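A short write-up of the structure that comes next.
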Amino acid sequence: MRGLQLPLSQTQKVRLQKALERLESLSSKVNSDASVTIADSISVNYEDGVLKGHGTAELNGEVVATVCGVVERVNKLVYVRALRSRYKPEVGDIVVGRVIEVAQKRWRLDINFNQDAVLMLSSMNLPDGIQRRRTALDELNMRSVFEENDVVCAEVRGFQHDGLQLQARSQKYGKLKRGQLLRVAPYLVKRQKQHFHHLEQYGVDLILGCNGFVWVGEHIEAKDDMIEEQADQSDSQVSRPGKNAVSLEEQEQNCTALETRKYICRTANAIRVLSTLGFSITLEIIKETVNLSLTVNLDINEMLGSEFCVLVAEREAERRSSNKKKR
Amino acid sequence: MEYVSPEGLRLDGRRPMEMRQIRAEIGAVAKADGSAVFEMGNTKVIAAVYGPREVQNKSQLIGDQALVRCEYSMANFSTGDRRRKQKGDRRSTEISLVIRQTMEACIMTHLMPRSQIDIYVQVLQADGGTRCACINAATLALADAGIPMRDLVTSCSAGYLNSTPLLDLNYVEDSAGGPDVTVGILPKLDKVTLFQMDSKLPIDILDNVMQLAIEGCKAVANYIREILLENTKELEYRRGV
């Protein structure tokens, strides 16, 4: 079984097997023969005309798949949706990335795509919030905005000059701090209307990047006050002295509360469990998993153990079957 | 030495036209984009694919297609006598090149411009036919990474000893010094992408031996296809709607 390397006891094995079988039986009726592998021919109705989409090719007048995945049909269009593959960007996607290089007027970000993405200095809001031309001074101060290894949230702008361009023209985009970055398979995150979530009861912010990078961090109010923001920026980098002259007491005040930190870890572990099991990652399921861990009174570290994994699988099977009945 | 007994059995008890048992497993390396373990009898190979990703050496960047790289290595513990092999000896460089060329022929590189794909294969247990096992493992790993390919490449070897064509040689038969034919095919397109031979073989017998190897390749292809389909189905039902 892929990804699952946990010592399961005999009963746990049986329970997990049962839950997974139940999941399989729930989905098998919907699309039983839609899965294809490389070079499988896809049956299409040639009389209506066919548009070959991604993941397909023509061979001797037949449409064949070029990746392993699921066949999707939209009117005349036939394409194969690859499951395990790198992120395929679409304009307007919200992504989370890590800065790997600060270059001339741009940052290069790793977003799990074929190439590094580019975030131009001109396509993001300056910290002072004023719209103006970017000067040479701004360029020199780029490291004060994002440094190497910073985690950044941005939006896909499109392809220009053989590169993927990002933009961050709003308060909600920008540097992410005080939290955890999780990397999951991109196919587990579905494109939705809302990718920024705030779990009020835990005081946790959750960003489900379309590229499979998930951010779990302390909740930050979107604020316009630049002074506050700057103070915030300096104290998040406590480890770097000299840059900030904040007193110890002030730092303590600005520290994330222990309770919130625990919830961040709990949410992060919930996502880890879901991704190892290969379940899709949505706000609803994450919330349920966190609640489950709280109701069974598990410690955060125990959430990655085999017992919780089995529990989550069972709960998911239950959830899907009840969803099905409702319809 | 007698490689085929009068009863028609080989040293390890197989018939001349029989393959060793094959086994494959997808997803052996957690951090890789795609990975697989492939076993042919006692030969065991692990493959990991990284990419398509940003080109590391900018001078190697190709503007309209992906760069494919391959590294083959043998683990120190893979052979009977444990010996330290330095990286980049002639044999492994040659096999790396062979695997790279074979895989490059089937990957649709034009779909992933300005990127690079790294294939790492390592032999964990060597018992003859490592070249074939490496190609099969690499195919599986590439398919797992979701990299578009024209067709699956599969490979199998065949030999000719004691005037009998033998399928899928093991180490003892391989080191007998007889002719050893390694064939790689694209089963759906019905094309040969790899053909290597050691020693000499009369032309009329070569045809037989090659046919035998191709049959072996097809058997491997069927098995690989089954494994991939099973894996895809599992991923899909687990994800749910």
For region A:89-125, what are the residues that are within 11 Å of chain B (Cβ to nearest Cβ) and charged (D, E, K, R)?
A:Glu101, A:Arg108, A:Asp110, A:Asp116
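For (1) modelled with pLDDT of 95 or more; (2) open to solvent by 20 Å² or more (accessible area, probe 1.4 Å), each residue gets a yes or a no:
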| position | (1), (2) |
| --- | --- |
| B:Met1 | no, yes |
| B:Ser5 | no, yes |
| B:Leu11 | no, yes |
| B:Ile22 | yes, yes |
| B:Val29 | no, yes |
| B:Ala32 | no, no |
| B:Phe38 | yes, no |
| B:Thr43 | yes, no |
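Has region B:34-43 got any residue that is away from every other protein chain (no Cβ under 14 Å) and closer than 22 Å to B:Lys188 by Cβ?
Initial filter on region B:34-43 (away from every other protein chain (no Cβ under 14 Å)): B:38-43.
Then drop every residue that is not closer than 22 Å to B:Lys188 by Cβ, which leaves B:38, B:40.
Yes; the residues of region B:34-43 include at least one that is away from every other protein chain (no Cβ under 14 Å) and closer than 22 Å to B:Lys188 by Cβ.
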Total residues in region A:60-88, condition more than 17 Å from A:Ala34 (Cβ to Cβ), within 14 Å of chain B (Cβ to nearest Cβ) and open to solvent by 30 Å² or more (accessible area, probe 1.4 Å)
5
If the requirement is being part of a loop (DSSP other than H, G, I, E, B), out of contact with any His (no Cβ under 7 Å at 6 or more places or on another chain) and either within 21 Å of B:Glu226 (Cα to Cα) or touching a residue at least 12 places away in the same chain (Cβ under 8 Å) (or both), which of these qualifies: B:Gly63, B:Gly88?
B:Gly63
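If you check A:Val80, A:Val64, which single one turns out to be in contact with a strand residue (DSSP E or B) (Cβ under 7 Å, 6 or more places away or on another chain) and closer than 19 Å to A:Lys190 by Cβ?
On the way: A:Val64 fails: closer than 19 Å to A:Lys190 by Cβ.
Exactly one residue qualifies, and that residue is A:Val80.
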Test: A:Glu47 is more than 9 Å from chain B (Cβ to nearest Cβ) and either under 31 Å from the mean Cα position of the chain (by Cα) or modelled with pLDDT of 85 or more (or both):
no
Do we find that A:Leu277 is under 17 Å from the mean Cα position of the chain (by Cα), in contact (Cβ under 8 Å) with a residue 24 or more places away in the chain and within 13 Å of chain B (Cβ to nearest Cβ) in this structure?
yes
With criteria (1) within 29 Å of A:Leu208 (Cβ to Cβ); (2) in contact (Cβ under 8 Å) with a residue 60 or more places away in the chain; (3) open to solvent by 70 Å² or more (accessible area, probe 1.4 Å), A:Leu26 comes up short on (3)
The correct count of residues that are more than 14 Å from the chain's Cα centre (by Cα), surrounded by 17 or more Cβ atoms within 10 Å (Cβ to Cβ) and within 11 Å of chain B (Cβ to nearest Cβ) in region A:156-192 is 1
Within region A:34-57, how many residues turn out to be farther than 22 Å from B:Ile227 by Cβ and open to solvent by 40 Å² or more (accessible area, probe 1.4 Å)?
9
Considering every residue within region B:215-237, establish whether at least one is within 12 Å of chain A (Cβ to nearest Cβ), surrounded by 15 or more Cβ atoms within 10 Å (Cβ to Cβ) and part of a strand (DSSP E or B).
no
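Taking region B:139-182, which residues are within 13 Å of chain A (Cβ to nearest Cβ) and among the aliphatic types (A, V, I, L, M)?
The first filter runs over region B:139-182 and keeps only residues within 13 Å of chain A (Cβ to nearest Cβ), leaving B:139-154.
Listed by number, the residues that qualify are B:Leu140, B:Ala141, B:Leu142, B:Ala143, B:Ala145, B:Ile147, B:Met149, B:Leu152, B:Val153.
The values are calculated or read from the model by the stated rules, or taken from the named source; none is laboratory data. Here the structure is a predicted model, which is why all the values come from computation and not from measurement. No Cβ is skipped: glycine too gets one built from the backbone with ideal geometry, and neighbour counts run over all protein chains shown. Keep in mind that these areas ignore ligands, DNA and RNA; they rest on the heavy atoms of the full protein, side chains included. Shrake-Rupley method; radii C 1.70, N 1.55, O 1.52, S 1.80 Å.
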